[in-house]
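Below you'll find the structure, written out as structure tokens, and then a few comments.
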Amino acid sequence: MIIIESIKLALNAIWANKARSLLTMLGIIIGISSVVTLMSIGEGVKRDVKKSVEDLGSNFVFVIPGNINLSGSNQQNGASSMGNPANLISGDILNLDDITTIKKINGVETAAAMNMVSGITKYEDKTASPIIAGIQNDFKDILSGFKLDTGRFFDSNDENKDVLILGADAKNQLFGDTDPLGKKVTIINSAKKKQIDFEIIGTLKQTTSSNSFLSSDFNTISLIPFSTAKEFTDGKEKVFRIGVKISDSDHVKQISEEIKKQVKANHPNDDISVITQEDILGALGTVLNLLTTLLSAVAAISLVVGGVGIMNIMLVSVTERTREIGLRKAVGATNGAILMQFLTEAVILSVAGGLISLGIVEIVVTIVKLKTSLHPVVTPYSVLLAIGVCVIIGLIFGIMPAARAAKKNPIDALRYE
């Protein structure tokens with residue numbers, strides 16, 4: 001009964017001072033709205049990234065030069081753990097012999113090389129700057145993100161030919177809605193002073209999938225045959241990445257370790273890393289969780305400000321209602337009842353601010369979904385966390401005003417003017 005009576009009295013007091021109560025809740029509203037919105041955006045990004053990586057398939061791995069540590073643990077080699085930066089850029093560690101080695105490993109379905117070419121593409125007076133990747137034919141079977149929109153993929157007849165599969169972004173920049181098949185674009189590599197015309201034999205679909213180990217998302221990548229890429233690398237068939245498709249997705253980890261062991265045997269003086277889907281998801285998840293936590297911690301400062309605001313207003317309220325407190329004590333209200341009344345009022349103020357915040361979050365999330373490519377997700381966890389934080393703030397910052405009210409002497413309180 002005491003709790004019910006305290007709630008009624010608290011609601012009456014809040015309603016009697018609506019404007020002041022709203023201003024009191026403002027800090028809580030801003031704080032909770034910021035924290036929950038950031039958590040929702042972070043959760044949405046994590047789910048999008050997870051889906052993008054999972055869409056690539058669970059049975060692919062990348063062989064990459066350097067000691068790439070995605071777990072975040074300390075490396076014994078310190079700064080040298082990433083290998084020789086010059087080699088990472090030039091593709092001078094991995095080679096085609098490694099692909100032959102990998103294909104002989106039991107459980108490997110296929111393996112293919114990727115080279116990277118710097119340059120811009122030009123058509124008439126329009127230019128685009130895609131990531132140009134030279135890939136072997138089997139690479140399309142390893143990485144499902146390369147999906148054709150029009151035309152065809154490379155085959156064995158395209159070896160050493162100047163043919164191009166244009167990425168979605170470059171296609172839109174150079175041709176817009178016009179069909180580019182059969183047309184020629186010029187790839188200009190200013191560093192090597194190369195300028196070669198390529199015939200477009202296909203275009204890639206617009207996609208939301210991404211992969212940081214390809215250095216960009218699929219929309220920005222255009223493809224040429226791996227054997228043709230050597231025209232931009234002084235005639236050398238350089239290997240920047242090796243994609244591997246494993247036949248049994250249940251044994252990816254074991255086969256990955258064997259791949260690393262055998263490729264390392266080919267390069268005893270160099271570091272080699274084999275990156276799995278699990279590694280990618282773990283690394284991206286760690287980074288996104290850290291960013292979300294840091295941003296939420298900054299936004300949470302406003303919660304402290306809101307809590308201080310509640311405490312200040314409650315102290316003012318206790319002073320203004322001194323006679324009311326004295327009258328209640330005179331008719332039998334205990335110190336506990338007075339404490340409960342003002343503490344309940346502080347908690348209700350805080351929780352009401354939190355509920356208003358959740359309404360604001362829903363509006364903001366809807367706008368973000370409509371106006372951006374982000375897909376925020378408001379989880380039950382974030383809602384419960386917001387309400388829990390509001391209750392805690394109300395209790396912590398309401399306890400001092402409530403205790404002051406409970407300690408008032410009824411005689412002095414009745415005499416208060």
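Each reported figure results from applying straightforward, stated rules to the coordinates on display, with no laboratory input. Given the structure is predicted, the values throughout are model-derived calculations rather than measurements. Cβ sites come from the backbone with ideal geometry, for glycine too, and all protein chains shown count toward neighbours.
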Inset, instruction - Starting from the Cα of Leu385, step 7 Å along the direction of its Cβ; do the same at Glu278; then give the gap between the two resulting points in nm. - result: 2.6
Legend entry - FRET efficiency for Lys264 and Glu237, using Cβ-Cβ distance with R0 set to 25 Å, rounded to 0.05: 0.75
Legend entry - Gaussian network model of the chain, springs between alpha carbon atoms under 10 Å - residue of Ala133, Ala113, Ala265 with greatest fluctuation: Ala265
Inset, instruction - Kindly state, to the nearest 0.05, the FRET efficiency for Arg152 paired with Ile301, given R0 = 60 Å and r defined as their beta-carbon distance. - result: 0.60
Legend entry - Derived scalar couplings ³J(HN,Hα) [the range 220-230; Karplus, 6.51 cos²θ - 1.76 cosθ + 1.60; whole Hz; x for Gly, Pro]: 9, 9, 10, 10, 10, x, 4, 5, 7, 4, 5
Inset, instruction - Report the extension gain between Ser118 and Gln206 in nm, rounded to one decimal, defined as 0.36 nm multiplied by the number of residues separating them, less their alpha carbon distance. - result: 29.5 nm
Inset, instruction - Apply 1/(1 + (r/R0)^6) to the Cβ-Cβ distance of Thr334 and Trp15, taking R0 = 41 Å, and write down the FRET efficiency to the nearest 0.05. - result: 0.95
Inset, instruction - Only Cα pairs under 8 Å and at least 6 apart count here; give the relative contact order of the range 84-270 as a rounded whole percent. - result: 33
Legend entry - Three semi-axes of the equivalent ellipsoid, the range 84-270, Cα gyration tensor, whole Å, largest first: 30, 19, 14
Inset, instruction - State the answer as a single residue: which of Gly243, His267, Ala297 lies farthest towards the positive end of the charge dipole of the range 172-307, with beta carbon charges of +1 for Lys and Arg and -1 for Asp and Glu, about the Cα centre. - result: His267
Legend entry - Distance (nanometres) between label positions extended 7 Å along Cα→Cβ at Lys371 and Ser190: 3.7
Inset, instruction - Pull up the cross-link candidates among the lysines for Lys8, meaning alpha carbon to alpha carbon under 16 Å and not fewer than 8 places away within one chain. - result: Lys18
Legend entry - Distribution of pairwise C-alpha distances over the chain, 20 Å bins, in %: 22, 35, 22, 16, 5, 0
Inset, instruction - Tabulate in residue order the Karplus-calculated ³J(HN,Hα) for the range 256-272, using 6.51 cos²θ - 1.76 cosθ + 1.60 with θ = phi - 60°, rounded to whole Hz; enter x for Gly and Pro. - result: 4, 5, 5, 4, 4, 4, 6, 5, 4, 5, 6, 9, x, 9, 10, 8, 10
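Given Lys161/Lys236; Lys147/Lys371; Lys171/Lys193, which pairs have Cα atoms separated by over 22 Å? Please list the in-between numbers first.
Numbers: Lys161/Lys236 16 Å; Lys147/Lys371 27 Å; Lys171/Lys193 24 Å.
Check vs 22 Å cut-off fails for Lys147/Lys371; Lys171/Lys193.
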Legend entry - Extension reserve of the Asn172-Ala403 stretch, reckoned as 0.36 nm per residue once the Cα distance is removed: 76.4 nm
Legend entry - Two-site label geometry, Ile7 and Gln254: point separation in nm, points 7 Å out along Cα→Cβ: 5.9
Legend entry - Relative contact order (%) - criterion: Cα under 8 Å, at least six apart; region: the range 197-348: 9
Inset, instruction - Identify which of Val383, Val239, Val45 has the largest mean-square fluctuation in a Gaussian network model of the chain, with springs joining Cα atoms closer than 10 Å. - result: Val383
Inset, instruction - Among the listed pairs Lys230/Lys253; Lys103/Lys253; Lys183/Lys238; Lys104/Lys264; Lys194/Lys230; Lys140/Lys261, give every one whose C-alpha distance is greater than 21 Å. - result: Lys230/Lys253; Lys183/Lys238; Lys140/Lys261
Legend entry - Computed [θ] at 222 nm, helices only, for the chain once each DSSP H run of length n ≥ 4 contributes -39500 (n - 2.57): -18000 deg cm²/dmol
Inset, instruction - At 0.36 nm per residue, minus the direct Cα-Cα distance, what do Lys51 and Leu181 gain on full extension? Give it in nm, one decimal, please. - result: 43.7 nm
Inset, instruction - Under a 10 Å cutoff between Cα atoms, tell me which one of Gly398, Gly336, Gly243 has the largest fluctuation in the Gaussian network model of the chain. - result: Gly336
